[in-house]
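What follows is one structure encoded as structure tokens, with my remarks underneath.
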Amino acid sequence: MPLRLLLVRHGLSSFNQERRIQGRDDLSNLTPEGHDQARRLGATLKDVPLDAVYSSPLQRAASTTASLLAERGGQAPDTVFEDGLLEVDLEPWAGMSIDELSERHPVDFSTWKRRPLELELQRRDGTAYRPLVELMAQARAFVRQLTERHPVDRDATVLVVGHNAILRCLMLALMGEPDHGFRRLRLDNTSLSIFNLRPGDQGPQIQIECLNSTTHLQPLPDRGKSARLILVRHGETDWNKAGRFQGQIDIPLNDHGRSQAAAARDFLRDVSIDRAWSSTLSRPTETASIILEAHPSVTLTQIDGLVEIGHGLWEGKLESEIKEDWSDLLDTWKRTPETVQMPEGETIQDVWARSVKSWQEITSALKPDETALVVAHDAVNKTILCNLLGLTPADIWAVKQGNGGVTVVDIASDPSQPAVVTCLNLTSHFGSVIDQTAAGAL
């Protein structure tokens, strides 16, 4: 197991409830509902051993940490309170309601919502500063300090409890700071995000196991006023289980894969679904059909552009078999996948081009009040999500997609803004907050 980071936003605070700007000031408290949210997350994490616990010292985060750990039961390391986890400094706005802020400072508020890195404010002492620029520097320093204390070549699970903006900045620092990344992410109160860090040739290799899971509170985060897409990876096949490169050979679901699809169906049973698309291969088609048993009026449309990557001569083979004839190319695929042409198959850029094109065709067909189900494959989902997160074809290993895992993407109501990855790779409907699905060959 790698270094695992459990990133948790604090529970509902009094200022959250009142829709007031909190920032770095310690003016708001954790509400009774916030304590309950923390306890419910603690119960979810009760079987996850912790090697270290870090928290912001602000009381809404510190109280969340205390309630979470108390509910877990058992032993936990002493909490270390870190100023590196303090929330963004919005000193001139602290305590204002959102409505008051938008009325009194419409230009600055619009900049914060649309181009947050460009926002410049003035402290009470008259000095000008850029809040998000400062926060990104703080996040980089915290990540550097954390990995010095917990090297990525040693197994450890670390709980980090903080705030909305600083946690998003930590994630962006881990992800290499993608363009417009701050507005591509969403973090709800007591949401759980899991990042795995492993040794790499050029620093830690990052894997996003899940983002913004609130399944201890409700299946999916609340939706806004725009179109929503639910992206699912197909259930397990025998080749996933064995670790064979599957690609475009039409391997069906196994019995466990069908049970995973049924679990996803039950997980999404009360979620409104208006439209549905899948790859033309049988494993995502059957997964989608099982999910749609709870939505019998929805018609499934198949798209060739969502078909899995063509592995060419590697298809049907185990990694050990591929290593015999393509050892160097296999190593390159693991290190720099964007440089690899599969023998008689595709490149990751080929998959990126057709999968993103298909995704855009689907989104353009949706009305603002519609929710669509899209069921595809590991590499296809990874390329779509890398594109949505502002990453590149070189980053496909940064996104985990478990068999039957559920991801939610909300289209921004402002066309100038990127879509939001509302949550990613939810697999708790299989009984564990940690993704325990078969890794497969990709």
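The values are calculated or read from the model by the stated rules, or taken from the named source; none is laboratory data. Being a predicted model, the structure only gives us computed values, none of them experimental. Positions of Cβ are backbone-derived with ideal geometry, glycine not excepted, and every protein chain shown enters the neighbour counts.
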Tally the residues that are under 28 Å from residue 368 (Cβ atoms) and either in the same structural domain as residue 181 (by TED's automatic domain parsing) or of a type outside the set (Val, Ile, Thr) (or both), restricting the search to the stretch 405-442.
15
Restricting the search to the stretch 293-332, which residues are touching a Gly at 6+ places or on another chain (Cβ under 8 Å) and surrounded by 16 or more Cβ atoms within 10 Å (Cβ to Cβ)?
308, 309, 310, 311, 314, 315
Restricting the stretch 71-95 to residues that are in contact (Cβ under 8 Å) with a residue 60 or more places away in the chain, part of a loop (DSSP other than H, G, I, E, B) and more than 27 Å from the chain's Cα centre (by Cα), which is surrounded by the most Cβ atoms within 10 Å (Cβ to Cβ)?
94
Residues being aliphatic (A, V, I, L, M), in contact (Cβ under 8 Å) with a residue 40 or more places away in the chain and more than 18 Å from residue 384 (Cα to Cα) - total across the stretch 305-320:
1
Can you name every residue in the stretch 306-334 that is of a type in the set (Gly, Ala, Ser) and not in a loop (DSSP other than H, G, I, E, B)?
312, 320, 327
Yes/no for residue 244 being buried (at least 21 other Cβ atoms within 10 Å of the Cβ), in the same structural domain as residue 418 (by TED's automatic domain parsing), touching a Pro at 6+ places or on another chain (Cβ under 9 Å) and not β-branched (Val, Ile, Thr):
no
Pairs under 6 Å by beta carbon, first residue over 18 Å from residue 307 (Cα atoms) and outside the structural domain of residue 199 (by TED's automatic domain parsing) in the stretch 328-346, partner of a type in the set (Val, Ile, Thr) and part of a helix (DSSP H, G or I), six or more apart or different chains?
330/322; 337/348; 337/396; 338/348; 340/332
Close pairs from the stretch 96-118: first in contact (Cβ under 8 Å) with a residue 60 or more places away in the chain, partner of a type in the set (A, V, I, L, M, F, W, C), Cβ under 6 Å, at least 6 apart
96/21; 101/93; 101/109; 116/132; 116/182; 117/132
Looking at this structure, is residue 338 touching a Pro at 6+ places or on another chain (Cβ under 6 Å), at pLDDT 95 or above and of a type in the set (D, E, K, R)?
yes
Close pairs from the stretch 135-161: first under 23 Å from residue 48 (Cβ atoms) and not assigned by TED's automatic domain parsing to the domain that holds residue 10, partner outside any strand (DSSP E or B) and at pLDDT below 95, Cβ under 7 Å, at least 6 apart:
none
Selection from the stretch 14-34 of residues closer than 19 Å to residue 160 by Cβ and assigned to a helix (DSSP H, G or I) yields 34
Only one of these is out of contact with any strand residue (DSSP E or B) (no Cβ under 6 Å at 6 or more places or on another chain), without any contact (Cβ under 8 Å) to a residue 60 or more places away in the chain and either buried (at least 20 other Cβ atoms within 10 Å of the Cβ) or not in a strand (DSSP E or B) (or both): 168, 265. Name it.
265
